[in-house]
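Please read the structure below before turning to the comments.
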Amino acid sequence: MIRGLLLAGGSGTRFGGGKLLAAAPRDPLPIGVRAARSLLSGLGNALAVVRAGDAALARALREAGCEVLESPDSARGLGASISAGVKASRDAGGWLVALADMPLILPSTHRAVAGALSHGTKLAAAGDATGRRGHPVGFAAEFLAELAALDGDEGARSVVERHRAWFELVRVDDPGIFVDIDTPGDLAGG
């Protein structure tokens, strides 16, 4: 089974805090819940990695249907959150890494990237017709040790770069693969 990892452990400092529980003007659902629902709809499962003690976000994501891992490691950054999620799901056949501040990604995009992994691709990410890479990013089970060793805020970019020969861009018609919410002004488009 490809395991969905929803990374929701950031502090949202550029947003002013509480980013993943904020809602866009045209949609009353919080950003993190929208991202979770898309991942769940496209993949059928999601393990949300949140900061330890972020009870309100953990509750909202559980109510959306996610399993939740409260990780003290998330305070160290994206890489540490990926590591925690991978370690908690070692038996997975691979991982689809999605960001909770990217609520506009379509469920079909999650399905397409996971499908590439299910058909033998080792590394995959959503991209557009121009070849520009977006999110989510998928990793086969062979990357367990490398993903579990991640730390800090770099994410898994180093893993993708080291294994570029195995990388496949999954072309989708989904502008949401490039839209992340970093500031309150970004909500206007969401």
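The values are calculated or read from the model by the stated rules, or taken from the named source; none is laboratory data. Just so it is clear, the model here is predicted, and its values are computed rather than measured. Please note: Cβ atoms are built from the backbone with ideal geometry, for glycine as well, and neighbour counts cover all protein chains shown.
Just to verify a result, which residue in the range 125-143, among those that are hydrophobic (A, V, I, L, M, F, W, C) and part of a helix (DSSP H, G or I), is surrounded by the fewest Cβ atoms within 10 Å (Cβ to Cβ)?
ALA141
Pick from LEU104, LEU117: which is aliphatic (A, V, I, L, M) and more than 22 Å from VAL50 (Cα to Cα)?
Exactly one of LEU104, LEU117 is aliphatic (A, V, I, L, M) and more than 22 Å from VAL50 (Cα to Cα), namely LEU117.
Only one residue in ARG34, ARG3, ARG14 is at pLDDT 95 or above and either surrounded by fewer than 21 Cβ atoms within 10 Å (Cβ to Cβ) or part of a strand (DSSP E or B) (or both). Which one?
ARG3
Give the residue, chosen from ALA64, ALA80, that is closer than 23 Å to ILE177 by Cβ and either without any contact (Cβ under 8 Å) to a residue 40 or more places away in the chain or under 15 Å from the mean Cα position of the chain (by Cα) (or both).
Sole residue among the options that is closer than 23 Å to ILE177 by Cβ and either without any contact (Cβ under 8 Å) to a residue 40 or more places away in the chain or under 15 Å from the mean Cα position of the chain (by Cα) (or both): ALA64.
Restricting attention to the range 113-131, does a residue exist that is under 24 Å from GLY12 (Cβ atoms) and either basic (Lys, Arg) or touching a residue at least 60 places away in the same chain (Cβ under 8 Å) (or both)?
Taking every residue of the range 113-131 in turn, none turns out to be under 24 Å from GLY12 (Cβ atoms) and either basic (Lys, Arg) or touching a residue at least 60 places away in the same chain (Cβ under 8 Å) (or both).
So if I check each of GLU146, GLU168, GLU154, which one is surrounded by 13 or more Cβ atoms within 10 Å (Cβ to Cβ), acidic (Asp, Glu), touching a helix residue (DSSP H, G or I) at 6+ places or on another chain (Cβ under 8 Å) and assigned to a strand (DSSP E or B)?
Of GLU146, GLU168, GLU154, the one residue that is surrounded by 13 or more Cβ atoms within 10 Å (Cβ to Cβ), acidic (Asp, Glu), touching a helix residue (DSSP H, G or I) at 6+ places or on another chain (Cβ under 8 Å) and assigned to a strand (DSSP E or B) is GLU168.
Read through the list (1) in a helix (DSSP H, G or I); (2) crowded, with 18+ Cβ neighbours inside 10 Å, then give the number of the only condition that GLU63 fails.
(2)
Search the range 130-143 for residues being of a type in the set (Gly, Ala, Ser) and touching a helix residue (DSSP H, G or I) at 6+ places or on another chain (Cβ under 7 Å), and hand back the single one that is farthest from ASP174 (Cα to Cα).
Among residues in the range 130-143 that are of a type in the set (Gly, Ala, Ser) and touching a helix residue (DSSP H, G or I) at 6+ places or on another chain (Cβ under 7 Å), the one farthest from ASP174 (Cα to Cα) is ALA140.
Check off (1) farther than 22 Å from LEU147 by Cβ; (2) part of a loop (DSSP other than H, G, I, E, B) for ALA58 and give me the number that stays unchecked.
Of the numbered conditions (1) farther than 22 Å from LEU147 by Cβ; (2) part of a loop (DSSP other than H, G, I, E, B), the odd one out for ALA58 is (2).
Look at the range 17-31 and say how many of its residues are in a helix (DSSP H, G or I), buried (at least 23 other Cβ atoms within 10 Å of the Cβ) and not basic (Lys, Arg).
2
Looking at (1) modelled with pLDDT of 95 or more; (2) over 20 Å from SER89 (Cα atoms), which is the only condition PRO184 fails?
Of everything listed in (1) modelled with pLDDT of 95 or more; (2) over 20 Å from SER89 (Cα atoms), PRO184 misses just condition (1).
Consider VAL86 carefully, then state whether it is closer than 21 Å to ALA156 by Cβ and either modelled with pLDDT under 95 or in a helix (DSSP H, G or I) (or both).
For VAL86, the condition - closer than 21 Å to ALA156 by Cβ and either modelled with pLDDT under 95 or in a helix (DSSP H, G or I) (or both) - is met.
Do we have THR109 as buried (at least 16 other Cβ atoms within 10 Å of the Cβ), at pLDDT 95 or above, in contact with a Gly (Cβ under 8 Å, 6 or more places away or on another chain) and farther than 16 Å from LEU6 by Cα here?
It is false that THR109 is buried (at least 16 other Cβ atoms within 10 Å of the Cβ), at pLDDT 95 or above, in contact with a Gly (Cβ under 8 Å, 6 or more places away or on another chain) and farther than 16 Å from LEU6 by Cα.
Quick one: count up the residues across the range 37-55 that are assigned to a helix (DSSP H, G or I), buried (at least 18 other Cβ atoms within 10 Å of the Cβ) and of a type in the set (A, V, I, L, M).
So the answer is 3.
Considering only residues that are of a type in the set (A, V, I, L, M, F, W, C), touching a residue at least 60 places away in the same chain (Cβ under 8 Å) and under 14 Å from GLY85 (Cα atoms), which ones fall in the range 1-60?
ILE2, LEU5, LEU6, LEU7, ALA8 - these are the residues of the range 1-60 that are of a type in the set (A, V, I, L, M, F, W, C), touching a residue at least 60 places away in the same chain (Cβ under 8 Å) and under 14 Å from GLY85 (Cα atoms).
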